[in-house]
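The structure under discussion appears below in the form of structure tokens.
The values are calculated or read from the model by the stated rules, or taken from the named source; none is laboratory data. All values reported here derive from a predicted model rather than from experimental measurement. Every residue, glycine among them, receives a Cβ derived from its backbone with ideal geometry; neighbour counts consider all protein chains shown.
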Amino acid sequence: MLATAGCHAQSPSTGGKLPPELARRVEIMIRSRASIPPNYEMVIGPRTRSDVPGFDEITVLFSAEGKTSKPMNFLLSSDGKTLAQFSKFDISQDPKTMVSAEGRPARGGPANAPVLIVGFDDLECPFCSRMHAALFPALLERYKDQVRIVYRDFPLDQHPWAMRAAIDSNCLGAQSPEGYWNLVDYIHSHAADMGGAEKTLAKANETLDTLTREEGKRQKANETTLNACIEKQDDSAVRASMEMGSKLGVEATPALFINGERLEGALPVEYVYRMVDNALVAAGHTPPPPVTLPPLNGPRPPAAAQPSDHTSSE
């Protein structure tokens, strides 16, 4: 009992400052591999235990002209003969759950569909309109109820009526998912007409409000509630959606997340099919018969979406 429960000796490789000769070898290796200028001072911290068997962790700081870098972590083998550096990523979370579809109107398959496609959309974005018209009908035709499609709002600053469109469509979507999609379909297909002949923001806003109210009547939505929402123009939910997109790395529209895998910009629809097929297989489902992909250096079919509409330009 005394032998098994007593104190264990600490490995001689951990818990202390590196010997000068070993610290010099570490410093020379880092300087040569990373081309560190000679005016940068390096401070190598003591060994600490790591979760990699056979290796301890050391922290290195760089300083010059009174400024100090963020700490960089390296692994040093127990025998002091190997220096390593690698990045560790947490993949414990299902990527599908990283992009929330909660509370959003959906089309396509049921809530438990094996593939969830979340699109960050700008209703004034011409590239979004082209993708909306071409890609989603093709996806629903090919995959039927295996895919569920949700839009999240990401109106860009350079599109003056995009925020209004997002708010109005959400006002209707709160009462009628079908009405939401009917309105989104119409706006995307008639975006060029929103400003009327005079192409003014006031006319665009007026048209959007009218379209929303008319679709609300068709869906038998509560008129008082819908009108109050349109008049209030509360953008908090849209801003929250934009913040979510930014945290996920969205910088342009359209942007899709297929079970958590991001897709931006122009790709032939066959490559989107491949991403969906891979997501189906990973979820334990059989995709439809494969589509032949074009050679990478050969002719390419028309893209499912044109180049992304970036926040920095029209």
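Points to keep in mind about this one:
- Taken together, 30, 58, 91, 36 contain a single residue that is β-branched (Val, Ile, Thr) and closer than 30 Å to residue 116 by Cβ, which is 91.
- Of all residues in the range 89-101, none are assigned by TED's automatic domain parsing to the domain that holds residue 160, within 30 Å of residue 144 (Cα to Cα), of a type in the set (A, V, I, L, M) and at pLDDT 95 or above.
- Candidate set: the range 99-109, residues that are in contact with a helix residue (DSSP H, G or I) (Cβ under 8 Å, 6 or more places away or on another chain) and over 21 Å from residue 272 (Cβ atoms); chosen: the one surrounded by the most Cβ atoms within 10 Å (Cβ to Cβ): 105
- Scan of the range 78-88 for residues that are hydrophobic (A, V, I, L, M, F, W, C), in contact (Cβ under 8 Å) with a residue 12 or more places away in the chain and farther than 21 Å from residue 20 by Cβ, ordered by number: 84
- In the range 213-236, the residues that are crowded, with 16+ Cβ neighbours inside 10 Å and either in contact with a strand residue (DSSP E or B) (Cβ under 9 Å, 6 or more places away or on another chain) or of a type outside the set (S, T, N, Q) (or both): 213, 215, 216, 221, 226, 229, 230, 235
Here is a yes/no grid of residues against (1) touching a residue at least 40 places away in the same chain (Cβ under 8 Å); (2) acidic (Asp, Glu):
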position	(1), (2)
76	yes, no
91	no, no
94	yes, yes
101	yes, no
106	yes, no
140	no, no
144	no, no
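- Among the helices (runs of 4 or more DSSP H) confined to the range 78-194, the ones with at least 2 residues that are of a type outside the set (Val, Ile, Thr) and more than 24 Å from residue 220 (Cβ to Cβ) are located at 126-143, 162-173.
- Lone qualifier among 120, 89, 127 - being under 19 Å from residue 243 (Cα atoms) and not basic (Lys, Arg): 120
- Considering the conditions (1) over 23 Å from residue 233 (Cα atoms); (2) buried (at least 17 other Cβ atoms within 10 Å of the Cβ); (3) among the basic types (Lys, Arg), residue 144 is excluded by exactly one of them, (2).
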